1. Under a crude label model (7 Å from the Cα following the beta-carbon direction), how far is Asp163 from Arg106 in nanometres?
2. Nothing charged except the Cβ atoms of Lys and Arg (+1) and of Asp and Glu (-1): what's the magnitude of the dipole of the stretch 132-299 about its Cα centre? Round to the nearest 20 debye.
3. With everything on Cα atoms, drop me the angle between helix 166-176 and the longest principal axis of the chain, reported from 0 to 90° to the nearest 10.
4. To the nearest 20 Debye, how big is the dipole of the chain about its Cα centre, given +1 on the beta carbon of each Lys and Arg and -1 on that of each Asp and Glu?
5. Per 0.36 nm of contour for each residue apart, how much would the distance between Asn60 and Ser235 grow if the chain were fully extended, relative to their Cα-Cα spacing?
6. Got a sec? Charge dipole of the chain, +1 on Cβ for Lys and Arg, -1 for Asp and Glu; which of Val113, His145, Ile80 is way out at the positive end?
7. Along the charge dipole of the chain, which of Ser235, Ser220, Val96 sits closest to the positive end, that is, farthest toward it, with unit charges on the beta carbon of Lys, Arg, Asp and Glu (+1, +1, -1, -1)?
8. Along the positive direction of the dipole of the chain (beta-carbon charges: Lys, Arg +1; Asp, Glu -1; about the Cα centre), which of Ser34, Asn3, Val21 reaches farthest?
Amino acid sequence: MENEVKILAIESSCDETAAAVVVNGRDVRSNIISSQIELHTIYGGVVPEIASRKHVENINYVIQEALDQAGMSLDAMDAIAVTYGPGLVGALLVGVAEAKAISFARNLPLIGVHHIEGHISANYIEHKDLEPPYICLVVSGGHTHLVNVKDYGEYEILGKTRDDAAGEAFDKVARSIGLGYPGGPKIDKIAKTGNPHAIAFPRANIAEHPYDFSFSGLKSAVLNYLNQCEMKGESYSQADVAASFQQSVVDVLTEHAMLAVRESNISKLALAGGVASNSALRQAMREQCEQNGITLYYPSPVLCTDNAAMIGAAAYYEYQRGVRHGLDLNAVPNLKLGER
């Protein structure tokens with residue numbers, strides 16, 4: 001088709017080396033992800049230097065596999081897109097350098113994509129009917145944002161975490177109760193066998209900023225509970241701690257998202273980011289949205305975690321808006337949503 005815009009997308013912001021071919025922002029022809037989870041599990045979390053080295057080893061193979069699976073060549077591409085922030089600077093640099101090299105060698109337009117914008121745009125892949133405006137709750141290992149998506153590429157951050165991101169809290173609590181890394185999926189699994197009301201962990205609310213989040217107090221409360229059990233020589237239930245902690249996080253995320261939807265008079269809510277695959281969060285959001293007449297959107301788990309298809313989806317709308325980057329594009333590890 002003459003009107004097809006074919007984009008090769010690259011994602012390397014943390015510990016997944018990913019490449020995808022996306023057509024017109026919503027049609028994914030390939031989505032290849034090379035995960036390093038097993039490698040970093042040994043250390044209890046992502047080691048930036050190791051992640052960067054593995055990206056260098058994997059990226060050419062991942063890109064070629066994405067092209068092969070799509071049945072296309074670089075000559076068929078209309079643009080190349082890459083995550084340039086936020087993320088681990090060494091990991092980002094590998095993807096950015098690769099994208100710039102391909103852009104220069106094949107004379108392809110280069111589009112730098114914000115990682116969080118990618119997570120938000122993952123919803124477009126499976127929900128063809130979703131269009132702005134809508135509210136999006138972004139919950140991942142590094143970010144917890146409540147965003148008003150006013151238009152493609154136009155975002156208003158309503159609230160964000162003041163300290164730990166939700167996913168970061170999941171990882172730290174999982175480690176403290178002996179579940180290991182990655183914490184999110186392991187807490188989600190064991191919490192199904194626990195009592196979410198067994199332990200009264202706090203739900204933080206910031207009076208003057210009702211859309212903002214804070215999870216450091218909750219994390220500390222869990223650690224204090226475990227320390228008290230140890231000092232008293234008492235045992236505790238892993239499942240109950242996991243379930244009670246998870247319930248506290250889910251209650252806060254759900255409450256703030258519902259408040260944002262009501263006060264903005266927007267009847268569409270999307271979830272994005274790795275924690276958006278949490279089964280308890282999805283169930284709570286479904287129940288609340290059904291009760292309040294809100295349409296809920298969320299991607300499949302593979303599109304919640306870091307992947308390149310979401311970067312290709314976001315890049316399409318940037319491409320349509322005329323966004324192009326030069327070969328001076330650099331990694332920006334602390335890039336804010338909405339910055340260019």
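Bear in mind that the values in this text are calculations on the coordinates, not laboratory data. All values derive from a computational prediction rather than experimental measurement. When we count neighbours, we look across all protein chains shown, and the Cβ atoms used for this are built from the backbone with ideal geometry, even at glycine.
1. Going by the 7 Å Cα→Cβ label model, 4.6 nm.
2. 360
3. 50
4. 340
5. Working it through step by step, the gained length comes to 58.0 nm.
6. Of the listed residues, the answer is His145.
7. Sorting the options by dipole projection puts first Ser235.
8. Projecting each Cα onto the dipole axis, the largest value belongs to Ser34.
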